[in-house]
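For reference, the structure is listed below as structure tokens.
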Amino acid sequence: MTGRHTVRRSLVVSGVMASLLVGLFSIRVAAEMTAAAQPPPAPPVSMDSLKTALTAEQARGAALQAELDDLLTVTDQLTAALSSTEGEVKVDGLTAKELKARLKAAEAKLKTVNQLLKEAQRRLTALGVAPVKTPRPASGGGGGTTATPTPTPPVAAAGFDIRVSVVSGGVLVTWTTCAVSGFDSYALVRSSDSEVHYPPEDNDTVVAHLPSQSTTSFVDAAPAGSQWYRLYCLTKTGGEIKTAARSSVVRVNVP
């Protein structure tokens with residue numbers, strides 16, 4: 001009996017040990033299979049590497065933000081430029097209209113002044129006074145403008161005057177002899193207005209230059225309408241031609 005118990009005990013112990021071995025083997029196999037099924041572990045990363053990567057991403061984000069801000073700035077500038085251009089076009093249009101209106105007003109005032117000046121010259125001529133000349137700026141680089149004095153022609157010499165009449169050939173102009181020394185010529189000037197000048201100016205025409213002091217008449221083929229005449233007695237001194245005397249202004253209506 002004792003031998004049987006010993007054998008049974010040995011068999012039980014052997015069975016238990018075999019079961020334990022099988023269990024351990026199964027656990028090891030299961031662990032190896034589980035480990036094989038899992039993804040490979042990531043390599044270890046240091047804190048410095050993480051900080052460097054984070055800094056690089058932050059710099060990239062800042063660069064992108066700066067580019068976006070630049071694009072927004074350019075867009076704002078374009079919008080402002082378009083608005084400014086539209087405003088300038090509108091303002092220029094208004095300014096052009098205002099300048100045009102002011103120019104017309106200035107031209108009207110200038111015309112009035114010219115008319116008043118002509119009327120004053122007519123009255124001065126009727127009174128036997130030299131016409132007033134409009135001062136002109138002196139040429140040269142002086143910065144300012146100075147009035148150029150206009151020499152006053154001598155008044156009509158005693159007994160020196162003209163008469164005009166309409167004849168078949170035009171207008172007959174007669175005058176008395178200009179008794180001056182150094183005589184050069186007579187200059188007969190016709191004008192379409194009462195402002196008759198020598199040397200001629202606007203609307204003036206020298207119709208005759210007569211070198212003989214004894215000549216006292218001339219027929220001018222004048223155009224139709226109102227014409228004004230004046231005769232100038234010219235002298236020559238030192239090679240310079242000067243007006244020694246002038247007649248009054250005489251008007252005639254040519255049919």
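Every number here is computed from the coordinates shown, using simple stated rules; none is lab data. This structure is a prediction, so every number in the text was calculated from the model and none was measured. Ideal geometry is used to build each Cβ from the backbone, glycine not excepted, and the neighbour counts take in all protein chains shown.
With the cut-off at 22 Å, report for region 162-254 the share of all Cα pairs above it, as a whole percent.
Percentage above 22 Å: 23.
Which FRET efficiency value, to the nearest 0.05, is calculated for K100 and S192 with the Förster distance at 45 angstrom and r the Cβ-Cβ distance?
For R0 = 45 Å, the calculated efficiency reads 0.90.
Fewest first, what order do H197, H209 take by the number of other Cβ atoms within 10 Å?
Fewest to most other Cβ atoms nearby, the residues stand as H209, H197.
Which whole-number percentage describes the relative contact order of region 154-224, with Cα contacts under 8 Å and a sequence gap of 6 or more?
Relative contact order, region 154-224: 35 percent.
Calculate, for A221 and E107, the FRET efficiency according to 1/(1 + (r/R0)^6) with r their C-beta to C-beta distance and R0 30 Å; round to the nearest 0.05.
It comes to 0.25.
What full-extension length gain, to one decimal in nm, is calculated for Q213 and A56 as 0.36 nm per residue of separation minus the Cα-Cα distance?
So the chain would gain 45.4 nm between Q213 and A56.
Mind checking the full-extension length gain between N203 and R28? Use 0.36 nm per residue of separation minus the Cα-Cα distance, one decimal, nm.
49.7 nm
By count of other Cβ within 10 Å, fewest leading, how are T6, T215 ordered?
Placing the least packed residue first, the sequence is T6, T215.
Peptides 237-245, 169-177, 56-64: what's the order by average Cβ count within 10 Å, highest mean first?
Final packing ranking: 169-177, 237-245, 56-64.
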